[in-house]
Amino acid sequence: QVQLVASGGGLVQAGGSLRLSCAASGSIFRINSMGWYRQAAGKQREWVARIKNGGSPDYADSVKGRFTISRDNANNTLFLQMNSLKPEDTAVYYCQYTNPWRDYWGQGTQVTVSS
């Protein structure tokens, strides 16, 4: 089993920045992918960014150039640096861990961007 705890959300004005963290614990397999998703009120969950262990990051077009995903493998922690935030970035952000057998999800952290 893998447990994911996300943190770092909050309220920020448009143009501001936030840094999300996701701490993973449990049976972390070295071949894995970690990523961030978000779900705005009344909308479906959407993919934001992903990074494989030892791989390059991928981003959704809506956040490319503004968000940066990174990971600290020594501490099994995933980060999402969010800059130039827009009101449309408002959502609950979820971290995901994927190994060859299944996906795991964190509890989500709320990000609210005011205009």
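The values are calculated or read from the model by the stated rules, or taken from the named source; none is laboratory data. Bear in mind that the values here come from a model prediction, so they are computed numbers and not experimental data. Every residue, glycine as well, gets a Cβ built from its backbone with ideal geometry; the counts of neighbours run over all protein chains shown. Calculation scope for accessible area: heavy atoms of the full protein, side chains included, ligands and nucleic acids excluded. Shrake-Rupley method; radii C 1.70, N 1.55, O 1.52, S 1.80 Å.
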Mind putting a number on the dipole of the chain about its Cα centre? Charges go on the C-beta only, +1 for Lys and Arg and -1 for Asp and Glu, and I need it in Debye to the nearest 20. 120
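Counting heavy atoms of the protein chains only and a 1.4 Å probe, report the per residue accessible area for the chain as a whole number of Å². Walk me through the numbers before you get to the answer.
Working: 6130 Å² over 115 residues.
On a per-residue basis, 53 Å².
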Approximate shape of the range 13-70 as ellipsoid semi-axes (Cα gyration tensor, √5λ), whole Å, largest first: 22, 14, 12
What number results when the radius of gyration of the chain, computed over Cα atoms, is divided by 2.2 N^0.38 Å? 1.01
